[in-house]
Amino acid sequence: MNSTTPLGDGTRAVRAGLPEPVPYEPPLPGPVFAAHFHLPGEPTGPYTYGRDSNPTWTRLERAIGELEAPGEQVETVCFASGMAAISAVVFSQLRAGDTVVLPVDGYQALPLIAERLRAFGVEVRTAPTGGDAQLSVLDGARLLWIESPSNPGLDVCDIRRLADAAHTAGALVAVDNTLATPLGQRPLALGADFSVASDTKGTTGHGDLLLGHVTCRDAARAAEVRDWRKVAGAIPGPMESWLAHRSLATVQLRIDRQCANALALARALGDRSEVSGLRHPGLPTDPSHSLASRQMRRYGSVVSFVLPDRAHAERFLETLRLVDDATSFGGVRSSAERRGRWGGDAVPEGFVRFSAGVEDPEDLVADVLRALDEAAAG
Ligand code: PLP
């Protein structure tokens, strides 16, 4: 192979963050459980106290950085959850008197963040993700928060366009990349200052841990985010960090299958008369498809659609055999939920968010079509 040929995502994923081989040591060293490290004299070494640093985090952070921005010098900071990562960016970057622009249709905990920001004297403006509507409220902003595709509505905005406009207006740009994962979209290459994600979802993909991360090019910004982690103490456990790193080896296999399953499902749902509001950025008929094709490398594992009413959606979910009625998304086992049950999203009662797993596509589609038939029969 030509040494300048870039490695494929799968090749990079299985090697990401691994240390140089050491004879008789495992390729991925086990989790380091330590509240403190031997520390004679001045505390200048890399590992001092377990809330500041841990070698298991270091390896995971390198691995995620290699997937976020292959071949580039970036810094990644891992957190105990996606919300801890989001909070770290928001609360390390904003001060009283600043203005932040949030999506109005993003993850349902964003309004909780907005409430706290307002209490701290930060002006919060919101606009929808679709149509790049956040452009119209950027004036004087300090931080633009983008979520594309948005959860759960799956709208897409032009990240490059918004980032350029925000930078011109003097604002920093953060992108919540949870739905896409680092393999599906590279926010830093599209102009973002911070790529943020809940790795609870597709990046780790097994539904058995919570984790989040922030990646940035600017070392000073990364230091501010890392400093916030130290202050808030929202640190990932070594076991979770190690499990996450182990899971990264299969990220390309999982995501490729999940994206293919999501598209197969979306196509099948498109033929059903009881289904409306069908959204998946990979569907050629989706309003976001052409934009998503330009800025995404994979379209994600989530499909959203609306069944006629709440009872119809509940019958559908109860009747599924291969799909868990559960929240969250991006896992190896398909799951779906009636999103309206939480009360936080502006969605119809029959709105279903479906997360495609790695099942055989024909089994998954057959199960969904059978459940739709049974739900329609009442
Ligand atoms: N961002 C998005 C888009 C999410 O969907 C979620 C959780 O569902 C989060 C952030 C928060 O992640 P976590 O649950 O890991 O804190």
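The values are calculated or read from the model by the stated rules, or taken from the named source; none is laboratory data. Source: prediction; values computed, not measured. Glycine also receives a Cβ, built like all others from the backbone with ideal geometry; neighbour counts cover every protein chain displayed. Accessible surface areas use protein heavy atoms only, side chains included; no ligands, DNA or RNA. Shrake-Rupley method; radii C 1.70, N 1.55, O 1.52, S 1.80 Å.
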Counting sequence-distant residues (5 or more places) and residues on other chains, those with an amide H built under 5 Å from that of Ala197 are Asn177, His213
Once both axes come from the Cα atoms, what is the angle between helix 159-168 and the longest principal axis of the chain, in degrees from 0 to 90, rounded to 10? 50 degrees
Arranged from highest to lowest average of other beta-carbon atoms within 10 Å per residue, in what order do the peptides 68-74, 333-339 appear? 333-339, 68-74
Within the accessible area of segment 251-377, what % is carbon and sulfur when the probe is 1.4 Å and the other protein chains stay in place? 50 percent
Please report, in debye to the nearest 20, how large the charge dipole of segment 129-268 is about its Cα centre when each Lys and Arg carries +1 at its beta carbon and each Asp and Glu carries -1 there. 380 debye
Ordering of 284-295, 191-202 by burial proxy (mean other Cβ atoms within 10 Å per residue, highest first): 191-202, 284-295
Kindly identify segment 78-155 as rounded, prolate or oblate by the Cα gyration tensor criterion: order the square roots of the eigenvalues as a ≥ b ≥ c, call it rounded if a/c is under 1.5, otherwise compare a/b with b/c, prolate if a/b is larger, else oblate. oblate
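What FRET efficiency comes out for Thr44 versus Thr4 if R0 is 45 angstrom and r is the Cβ-Cβ distance? Round to the nearest 0.05.
The pair Thr44/Thr4 has a calculated efficiency of 0.75.
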Taking +1 at the Cβ of each Lys and Arg and -1 at the Cβ of each Asp and Glu, which of Leu183, Pro31, Ala268 sits farthest along the dipole of the chain towards its positive end, judged by Cα position relative to the Cα centre? Pro31
With a 10 Å radius around each residue's Cβ, average the other Cβ atoms per peptide and rank 48-61, 170-183, 22-35, highest first. 170-183, 48-61, 22-35
Tally Lys and Arg at +1 and Asp and Glu at -1 over the other residues with C-beta under 13 Å from the C-beta of Leu135: what net charge comes out? -1
Could you work out how much longer the chain between Thr168 and Glu115 gets when fully extended? Use 0.36 nm per residue separation minus the Cα distance between them, nm to one decimal. 16.4 nm
Cα centre as origin, Lys/Arg/Asp/Glu Cβ charges: the chain dipole, Debye: 400 debye
Cβ-derived FRET efficiency at R0 35 Å, Val22 paired with His206, nearest 0.05: 0.80
Starting from the Cα-Cα distance between Phe33 and Asp309, subtract it from 0.36 nm times their residue separation and give me the gain in nm to one decimal. 94.4 nm
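Ignoring ligands, DNA and RNA, what accessible area per residue does segment 251-377 give at 1.4 Å, in Å²?
Accessible surface, normalised per residue, equals 43 Å².
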Report, to the nearest 10°, how far helix 238-248 tilts away from the longest principal axis of the Cα atoms in the chain, using its own Cα long axis and a range of 0 to 90°. 60 degrees
Where does helix 110-119 land angle-wise versus the long Cα axis of the chain, in degrees 0 to 90, nearest 10? 50 degrees
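Only four residue types carry charge here, +1 at the Cβ of Lys and Arg and -1 at the Cβ of Asp and Glu. Report the dipole size of segment 251-377 about the Cα centre in Debye, rounded to the nearest 20. Can you show the working numbers first?
Values: 17 positive and 19 negative charges, 117 e Å.
That gives a dipole near 560 debye.
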Two-site FRET efficiency, Glu362 against Gln108, from Cβ-Cβ distance with R₀ of 45 Å, rounded to 0.05: 0.85
Alpha carbon centre of segment 1-80 versus segment 308-322: separation in Å? 44 Å
Taking Cα pairs closer than 8 Å and at least 6 residues apart, the relative contact order of the chain in percent is 16 percent
